[in-house]
Amino acid sequence: MEFNDVEARRCNLYGLNILRCGKNRLIEIDTTLHGPRWVVDCLSNSPFALNIRSEVVEGSIDAIRHFGALHASVASARAQTGIKNKITQKLTVMKTGNSESRLYPTTLSANIAVATGLARKEFNAIVIVHSNVHATVQFAIAGAFDSARVIKTKNTAAVANAYAKTTRRPVVIIEDGLYSMGNFADFNALGNFLDENVNGWLWFDDAHSVGMRGENGRGEVMERMEKYTDRTIVTGSLGKAFGAAGGFMAAPKSFTQNMLSVSIPDRFSCNLDVSAQGAILAAMDLLSDSDKYKSLQNALKIRLNRFDKALNEMGIQTEQSGTPIAFRVISFENPQEAIRAASTLLHDEGFITTPVYFPTIARGKGAIRISLSTGHKLVDIDRLIKALDKLIIKKLVPQINHVTCLEMECS
């Protein structure tokens, strides 16, 4: 174990027990020294705070009552609940075209399913992978592909375009729809790649965008790449903006049906528990209400802009500043200072944040990640700003440098 992990645990920053969730992103934690204590949650990645929204909680409870059991312990390839079928139908409508969607226990499971489908002998793809693509995607690719069939680069469209013209095999570009640094994929360049190459395909992990952007929360990828739905695969999370749990895949129906012959997650993963299914369906219904959806988007934007403005006034410019991604990564000179700052914020100010260091960021660097949501009261955001300002005045942040947030753990 890295020394930094030991230090973070010693400061009671990892292994915390969350006892209860309250309103306005308050959570009760069990602290080693002082017993139970209510603090402000800037740790959880739930931008619209749907995990504590009454409609979503009630949807979860109602699903259990209606179904009559907590779960259906059967592999999803054999049978699925009626609730799950409604969810996949909604995802397929979001994807458009002759598509098919599937649910998985985690986004990792969904990514493994897609990777095995692309790697199967009959498809025989070459993959051009953005070097910052999410860690779960990279793990899935490493397990499914021979390394000779994988090219990693940040210049995906140019490399894939050149390669696709030398082969008849499918050439698949793999990107995030919205990266942890706050930037979107270059959808125009990727669309041009498909226009110029009939053997071109795209696979996006859009976990940071689905549920937050696009019509009814369909996400940036499904919205921007609708013209190319017959050669675009989308995976993502149902545990962030949807406030529930699990992952999903939405892809051309022909790809999905052939993938099922090799997909281990589909053969051996059971249905999501019924409570999660009920929560997902309730969240989808909520996001389909355009007035509520726009209200949530505006509320989040107000909070992000308020936080960015205050940081800028302190001389701190995060990579995520001005972007729609719902967290900010603040750089510190070294891991120990980041851990000390997170510890001070928790124990002295009552805010839980995430200290990050190697391998999330470069060795020797440190940062804290602050997740914001519509559930945070503006007065608490202002208190957090004052607490951060106090840290800087105390020279706990002697030098602010940019930290590039690798996709390994910043999602």
Problem - Sequence-separation-based contact order of segment 70-207, relative, with Cα cut under 8 Å and 6+ spacing, percent - result: 20 percent
Problem - Distance (nanometres) between label positions extended 7 Å along Cα→Cβ at Asp146 and His71 - result: 3.8 nm
Exercise for the section: Quick one: compute the contact order of the chain, relative version, from alpha carbon pairs under 8 angstrom and 6+ residues apart, as a percent. Expected result: 23 percent
Problem - Helical contribution to [θ] at 222 nm, DSSP H n ≥ 4, -39,500 (n - 2.57), averaged over the chain, rounded to 500 - result: -12000 deg cm²/dmol
Handout entry: Among Leu281, Ile126, Val210 - extreme Cα towards positive end, dipole of the chain, charges at beta-carbon
Key = Ile126
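Would you please classify the overall shape of segment 182-281 from the alpha carbon gyration tensor, given that a ≥ b ≥ c denote the square roots of the eigenvalues, rounded means a/c under 1.5, and beyond that prolate means a/b larger than b/c while oblate covers the rest?
Numbers: a/c = 2.65, a/b = 1.30, b/c = 2.04.
Since a/c reaches 1.5 but b/c is at least a/b, the shape of segment 182-281 is classed as oblate.
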Exercise for the section: Specify the inter-centroid distance of segment 257-276 and segment 312-347, based on alpha-carbon positions, in whole Å. Expected result: 38 Å
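At 0.36 nm per residue, minus the direct Cα-Cα distance, what do Gln336 and Ala189 gain on full extension? Give it in nm, one decimal, please.
Result: 48.8 nm gained on full extension.
Rounded, prolate or oblate for segment 140-224? Axes are the square roots of the Cα gyration tensor eigenvalues, ordered a ≥ b ≥ c, and the cut-off for rounded is a/c under 1.5.
prolate
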Practice task
Report the full-extension gain for the segment Val93 to Lys253: residue separation times 0.36 nm, less the Cα-Cα distance, to one decimal in nm.
Solution key: 56.3 nm
Practice task
Let me know the charge dipole size of the chain about its Cα centre in debye, to the nearest 20, where only the beta-carbon of Lys, Arg (+1) and Asp, Glu (-1) is charged.
Solution key: 180 debye
Completion exercise
Rounded to the nearest 5, the percent of DSSP beta bridges in the chain running antiparallel is 60 percent
Handout entry: Efficiency of FRET between Ser131 and Glu215 - r from beta-carbon atoms, R0 22 angstrom, step 0.05
Key = 0.10
Exercise for the section: Report the relative contact order of segment 270-337, percent, no decimals, based on alpha-carbon pairs under 8 angstrom and at least 6 residues apart. Expected result: 18 percent
Completion exercise
A 1.4 Å probe over the protein heavy atoms gives the chain a carbon and sulfur accessible-area percentage of 51 percent
Practice task
With a point put 7 Å past each Cα toward its Cβ, work out how far Arg78 is from Asn124 in nm, to one decimal.
Solution key: 3.5 nm
Problem - Rounded to 10°, Cα long-axis angle of helix 82-95 versus longest principal axis of the chain - result: 80 degrees
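What does the accessible area per residue of the chain come to in Å², with a 1.4 Å probe and no ligands, DNA or RNA counted?
43 Å²
The values are calculated or read from the model by the stated rules, or taken from the named source; none is laboratory data. These numbers come from a predicted model, not from an experiment. Don't worry about glycine lacking a Cβ; one is built from the backbone with ideal geometry, like all the others, and counts go over all protein chains shown. Protein only, heavy atoms only, side chains kept; ligands, DNA and RNA dropped before computing areas. Shrake-Rupley method; radii C 1.70, N 1.55, O 1.52, S 1.80 Å.
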